[in-house]
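The values are calculated or read from the model by the stated rules, or taken from the named source; none is laboratory data. Quantities reported herein were computed from a predicted structural model and do not represent experimental measurements. No Cβ is skipped: glycine too gets one built from the backbone with ideal geometry, and neighbour counts run over all protein chains shown.
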Amino acid sequence: MGLQFKRIADLAIGNAGADGFRVIASVSHPGLRIQFEVTKTLRSSLNTASIKVYNLTSDHQGKIKGEFDDIILQAGYEGQALVVFRGQIRHVATPSDGPDHITDIDAADGDKDARKAIVNFTLSAGTTNEQLLDKIAESFSSITRGQVVLRDRKRTRGRVVCGRPTDILDGIASDNDAHWSFQDGKLEMVAADSTLPTEAIVISAKTGMLEAPEVDDKGVKVTCLLNPRIRCNGKIQLDNHDFKLKIAKERERKPGAKAPKKPQPKKTLSRLDPDGIYKVYKVIHKGDTRENDWQSEVYAVALDKAIPAGKAAA
């Protein structure tokens with residue numbers, strides 16, 4: 001991405017088909033403050049956002065608590081802000097911190113559809129998973145069909161589909177060794193050993209890496225300046241040399257360091273991808289337009305170490 005300065009957070013709150021309002025906090029709008037933490041995974045557990053807005057008008061506070069449900073958060077840098085979260089408001093609190101009145105919003109992506117949607121239809125023989133996903137998406141009020149990366153096949157028999165869409169999606173994902181999730185208002189399903197057809201986002205010291213990458217038995221973790229282009233099921237590109245330096249430094253024990261009292265169980269470190277290309281399975285975006293927090297924590301695995309479809313992401 002381009003120059004990473006002049007932070008901006010742009011919050012839109014309203015309902016589909018109804019007027020809402022926006023709150024913008026940036027260098028150009030210094031009077032307001034927005035804090036947020038957005039957690040996204042490629043799992044069916046809903047992506048969540050915790051957002052704090054300081055000193056809203058009483059009218060806007062009242063609409064958030066009693067009238068409006070939908071919320072869209074864009075963040076990044078002036079001229080480059082992108083959506084980091086889209087979903088529905090679940091809970092609102094209005095605590096005070098000294099002279100500041102805070103609107104504390106808890107939201108989830110696809111919360112309304114995950115709780116209320118029901119499907120009831122019949123598919124004839126010869127239909128595909130793509131067609132099944134299209135029918136499920138039609139049952140949602142706020143979620144639309146997104147990208148699907150599967151080895152699709154036609155069904156030899158017809159099928160009656162009835163029940164909660166999330167349960168049906170669990171079955172499709174299990175049958176195809178894939179993960180399904182709601183990502184910013186879109187239904188996505190991607191095979192465990194595949195990624196979305198997007199370019200790999202380069203993370204290095206030149207592009208905003210904040211800490212040396214870490215590697216453990218679950219995969220790799222890297223922290224960088226907030227980058228809304230990083231998404232679950234997408235790819236990042238890292239310089240494996242950074243990992244090797246990190247590991248080498250950790251092996252150099254400090255003079256006088258004491259050995260642990262109990263032997264620690266050894267964990268097999270995840271392999272490093274030869275090309276430094278990794279699949280993102282979790283990303284946490286943190287931001288505060290008045291403080292230092294403005295970063296993305298990225299968790300990923302090498303492409304040939306697919307995350308099993310039936311296990312929870314770390």
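Kindly establish whether residue 43 is of a type outside the set (A, V, I, L, M), touching a Ser or Thr at 6+ places or on another chain (Cβ under 7 Å) and closer than 24 Å to residue 189 by Cα. Answer is yes for this residue.
Scan region 190-203 for residues that are touching a residue at least 60 places away in the same chain (Cβ under 8 Å) and either in contact with a Ser or Thr (Cβ under 8 Å, 6 or more places away or on another chain) or not aliphatic (A, V, I, L, M) (or both) and the total you get is 2.
Scanning region 116-143 for residues that are in a strand (DSSP E or B) and not aromatic (Phe, Trp, Tyr), we see that the one that is nearest to residue 169 (Cα to Cα) is 119. Go through the residues of region 297-313 one by one and say whether even a single one is at pLDDT 85 or above and in a loop (DSSP other than H, G, I, E, B). Scanning region 297-313, I find no residue that is at pLDDT 85 or above and in a loop (DSSP other than H, G, I, E, B), so the answer is no.
Restricting the first member to region 157-181 and to residues that are closer than 25 Å to residue 234 by Cβ and among the charged types (D, E, K, R), and the second to residues that are at pLDDT 90 or above and not in a loop (DSSP other than H, G, I, E, B), the beta-carbon pairs closer than 9 Å and six or more apart or on different chains are 170/180; 177/191. Restricting attention to region 94-121, the residues that are at pLDDT 90 or above and exposed (fewer than 11 other Cβ atoms within 10 Å of the Cβ) add up to 2. Exactly one residue among 104, 113, 100 is under 26 Å from the mean Cα position of the chain (by Cα), in contact (Cβ under 8 Å) with a residue 24 or more places away in the chain and within 20 Å of residue 33 (Cβ to Cβ), and that residue is 104.
Scanning region 150-177 for residues that are crowded, with 17+ Cβ neighbours inside 10 Å and within 20 Å of residue 197 (Cα to Cα), we see that the one that is farthest from the chain's Cα centre (by Cα) is 176. The single condition from (1) under 30 Å from residue 300 (Cβ atoms); (2) touching a Ser or Thr at 6+ places or on another chain (Cβ under 8 Å); (3) polar (S, T, N, Q); (4) assigned to a strand (DSSP E or B) that residue 103 fails is (1).
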